[in-house]
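Report on one structure; see the data block that follows.
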Amino acid sequence: MVIARLSKGYTIIELLTVVALLAILTTISVPTFQAYAARQRVNGAARQVLTDLMAARMKAVSMNRRVGIFLINGHQYKICDDANNDGTVANGEGTVIAKDIHPDYYDVALSANFNPLFYTNGTARNGTVIITGCSISKNITVSIAGRATIN
């Protein structure tokens, strides 16, 4: 009678083959994941700025004051209201809410061709806020009707 010996475990060749396949798959997928993560950071920053623009518009209507957003640098901005009701919003006037996108979106920068200003009836000074990061950019357009959209 012949007794068959059952093998338990893997051979070193099998283990090295699996490790080599994992290394190849990781090498292929890391650059794709980095590009995906960069796109997601730009999209997230655009959504955050859009949310703040819409909150400023709602604040202008509810408080019956003009509300402006002032870009400080490439990653910070302030939301200010017309506290003295003189028809203009000065940087730092009234309630000031400072925002910084760098803690969450470290490689994203802001620029604009204007400082968004929302009027008491919900309309706005129209223009575009540009959000860039890692060769990707998004535009947030504020229409004269006060609507902000991501393009």
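Please treat every number below as a calculation from the coordinates, not as lab data. All values derive from a computational prediction rather than experimental measurement. Positions of Cβ are backbone-derived with ideal geometry, glycine not excepted, and every protein chain shown enters the neighbour counts.
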Step by step: find N for the chain, compute 2.2 N^0.38 Å, then divide the Cα radius of gyration by it. What's the final number?
1.76
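Considering only DSSP states other than H, G, I, E and B, which chymotrypsin sites (Phe, Trp or Tyr not before Pro) in the range 1-106 qualify as loop sites with at most 15 other Cβ atoms within 10 Å?
Tyr10, Tyr106
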Residues other than Val142 with Cβ under 10 Å of its Cβ, Lys/Arg counted +1 and Asp/Glu -1, net out at +3
Set the Förster distance to 35 Å, then compute FRET efficiency between Tyr10 and His102 from the Cβ-Cβ distance, nearest 0.05.
0.15
Under a Gaussian network model of the chain whose springs join Cα atoms within less than 10 Å, the largest fluctuation of Val108, Val96, Val19 belongs to Val19
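Assuming R0 = 35 Å, what is the FRET efficiency of Thr26 and Asn151, from their Cβ-Cβ distance, to the nearest 0.05?
The pair Thr26/Asn151 has a calculated efficiency of 0.50.
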Return the sequence-ordered ³J(HN,Hα) values of the range 54-63 in whole Hz as given by the Karplus equation 6.51 cos²θ - 1.76 cosθ + 1.60 applied to θ = phi - 60°, using x for Gly and Pro.
5, 5, 5, 5, 5, 5, 4, 6, 6, 8
Can you compute the modelled spin-label distance between Asp86 and Thr51, with each label point 7 Å from Cα toward Cβ, in nm?
3.4 nm
When the helix-only estimate is applied to the chain (DSSP H runs of n ≥ 4, each -39,500 (n - 2.57), divided by the residue count), what is the mean residue ellipticity at 222 nm, nearest 500 deg cm²/dmol?
-13000 deg cm²/dmol
Report, in debye and to the nearest 20, how large the dipole of the chain comes out about its Cα centre when Lys and Arg carry +1 and Asp and Glu carry -1 on their Cβ.
400 debye
